[in-house]
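What follows is a single structure, written as structure tokens, with notes after it.
The values are calculated or read from the model by the stated rules, or taken from the named source; none is laboratory data. Keep in mind that what you see is a predicted model, and the values were worked out from it rather than measured. We place every Cβ from the backbone using ideal geometry, glycine too, and count neighbours over all the protein chains shown.
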Ligand SMILES: NC(=O)c1ccc[n+]([C@@H]2O[C@H](COP(=O)([O-])OP(=O)(O)OC[C@H]3O[C@@H](n4cnc5c(N)ncnc54)[C@H](OP(=O)(O)O)[C@@H]3O)[C@@H](O)[C@H]2O)c1
């Protein structure tokens, strides 16, 4: 099968499409024929030798990617919830070696959900890592409740655009930040208020937030502490951008933590239900053929994607 190998950490010239053996599913695994994948900042960080590189580079060849949507080609022993021909999607083996930039992807069946029929494979692939992260932040870790006030940074980005929709659907009062051009997009996702982070200081505009979803880190984390009510919380997700988030938050009288998303079929199924009911949707900014992986990475790396960037196979 064809796969995009990362020959060495560095620039996109280190990607190479080549033939590798097609894997065989073991106990509890399925083999997926890939239709679409989506990419995340962790992909380009790992390509550069940061992100997950240390963890996965021991297992050669390195094949990046965690997000996939496709059709089950074969099932291993002990798989009862999926059959050959099912359309499925999920985030594979995160934070380990996902290897989804490939014609066929091996995945534990308990990390997958059936793809809703009313959405495309591109939309499904886009609704995996970013959507699962938003879900984990809001519900697994923050326990968001109806009526709470939540400030979501980078509300137009991959994680943010799902976080706004999930929080809105859960009955929260949502404030989202983005540049001015994306104001209508953010409000259209269900945010009640928008802040143009380039021209306004969110920390003087927001008070008594129950929760801040920090997708930026650094000084944005620091300023966010001022917007949260006593006993409220901040969850930060960019790795390495905040030194001691829990300690800094505690000094401000609130709770703080950095979290890492985990593969979860259960959470993916919950997201699939919302997609199926039309309560949530993935926004596809750009869709490239897989042969244009370099262009896709370079585009995402600019840091101004609206929603998600996906790649299609075939
Ligand atoms: N810990 C975890 O498990 C985990 C999981 C997923 C993601 N992450 C991390 O979370 C971060 C966000 O991921 P993502 O997929 O959402 O990234 P993304 O889609 O690349 O984010 C792009 C968005 O960021 C916005 N943005 C940039 N700087 C901003 C600022 N100062 N204030 C407000 N918005 C800003 C841009 O809006 P404008 O164009 O309007 O500027 C753009 O829409 C990344 O660092 C990623 O690695 C961590």
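Could you look through region 228-274, keep only residues that are within 15 Å of the ligand (Cβ to nearest atom) and assigned to a strand (DSSP E or B), and pick out the one that is farthest from the chain's Cα centre (by Cα)?
By that ranking, first place goes to 256.
Can you tell me how many residues within region 195-227 are more than 15 Å from residue 167 (Cβ to Cβ) and not in a helix (DSSP H, G or I)? Walk me through how you get there before you give the answer.
Filtering region 195-227 for residues more than 15 Å from residue 167 (Cβ to Cβ) gives 195-205, 207-208, 216-227.
Among the residues that remain, those that are also not in a helix (DSSP H, G or I) are: 195-201, 207-208, 216-217.
Count: 11.
Before we move on, is residue 286 assigned by TED's automatic domain parsing to the domain that holds residue 50, free of Cβ contacts under 8 Å to residues at least 60 places away in the same chain and within 16 Å of the chain's Cα centre (by Cα)?
Working: assigned by TED's automatic domain parsing to the domain that holds residue 50: yes; free of Cβ contacts under 8 Å to residues at least 60 places away in the same chain: yes; within 16 Å of the chain's Cα centre (by Cα): yes.
Here the answer is yes, as residue 286 does meet what is asked.
When the residues of region 113-131 are narrowed to those that are in contact with a strand residue (DSSP E or B) (Cβ under 6 Å, 6 or more places away or on another chain) and in a loop (DSSP other than H, G, I, E, B), which ends up nearest to residue 261 (Cα to Cα)?
128
Among the residues of region 143-165, write down those that are under 17 Å from residue 234 (Cα atoms) and in contact with a helix residue (DSSP H, G or I) (Cβ under 7 Å, 6 or more places away or on another chain).
144, 150, 151, 152, 153, 154, 155, 159, 163, 164
Among the residues of region 300-314 satisfying the criterion of being crowded, with 17+ Cβ neighbours inside 10 Å and more than 10 Å from the ligand (Cβ to nearest atom), which is nearest to residue 188 (Cα to Cα)?
310
Could you check region 275-292 and list, in sequence order, the residues that are closer than 21 Å to residue 307 by Cα and more than 16 Å from the ligand (Cβ to nearest atom)?
Passing the criteria: 275, 276, 277, 278, 279, 289, 290, 292.
Yes or no, residue by residue, for (1) more than 15 Å from the ligand (Cβ to nearest atom); (2) out of contact with any strand residue (DSSP E or B) (no Cβ under 8 Å at 6 or more places or on another chain); (3) closer than 20 Å to residue 308 by Cβ:
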| site | (1), (2), (3) |
| --- | --- |
| 152 | no, no, yes |
| 166 | no, yes, yes |
| 172 | yes, no, no |
| 184 | no, yes, yes |
| 189 | no, no, yes |
| 193 | no, no, no |
| 206 | no, no, no |
| 222 | no, yes, no |
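Output the residues belonging to region 275-297 that are surrounded by fewer than 18 Cβ atoms within 10 Å (Cβ to Cβ), touching a helix residue (DSSP H, G or I) at 6+ places or on another chain (Cβ under 6 Å) and part of a helix (DSSP H, G or I).
294
Return a yes/no flag: does region 40-53 have any residue that is within 21 Å of residue 272 (Cα to Cα) and either modelled with pLDDT of 95 or more or over 21 Å from the mean Cα position of the chain (by Cα) (or both).
The answer is yes, given that some residue of region 40-53 is within 21 Å of residue 272 (Cα to Cα) and either modelled with pLDDT of 95 or more or over 21 Å from the mean Cα position of the chain (by Cα) (or both).
Tell me whether region 132-139 contains one or more residues that are touching a strand residue (DSSP E or B) at 6+ places or on another chain (Cβ under 7 Å) and near the ligand (Cβ under 9 Å from one of its atoms).
Yes, that holds for at least one residue.
Given the criterion without any contact (Cβ under 8 Å) to a residue 60 or more places away in the chain and under 17 Å from residue 2 (Cβ atoms), identify the matching residue among 88, 62.
62 is the lone residue from the list that is without any contact (Cβ under 8 Å) to a residue 60 or more places away in the chain and under 17 Å from residue 2 (Cβ atoms).
Can we say residue 82 is in the same structural domain as residue 170 (by TED's automatic domain parsing), in contact (Cβ under 8 Å) with a residue 12 or more places away in the chain, over 24 Å from residue 240 (Cβ atoms) and surrounded by fewer than 23 Cβ atoms within 10 Å (Cβ to Cβ)? Reasoning before the result, please.
Values: in the same structural domain as residue 170 (by TED's automatic domain parsing): no; in contact (Cβ under 8 Å) with a residue 12 or more places away in the chain: yes; over 24 Å from residue 240 (Cβ atoms): yes; surrounded by fewer than 23 Cβ atoms within 10 Å (Cβ to Cβ): yes.
So residue 82 does not fit the description; no.
Answer with yes or no whether residue 43 is at negative phi and surrounded by fewer than 17 Cβ atoms within 10 Å (Cβ to Cβ). Walk me through how you get there before you give the answer.
Details: at negative phi: yes; surrounded by fewer than 17 Cβ atoms within 10 Å (Cβ to Cβ): no.
In short, no.
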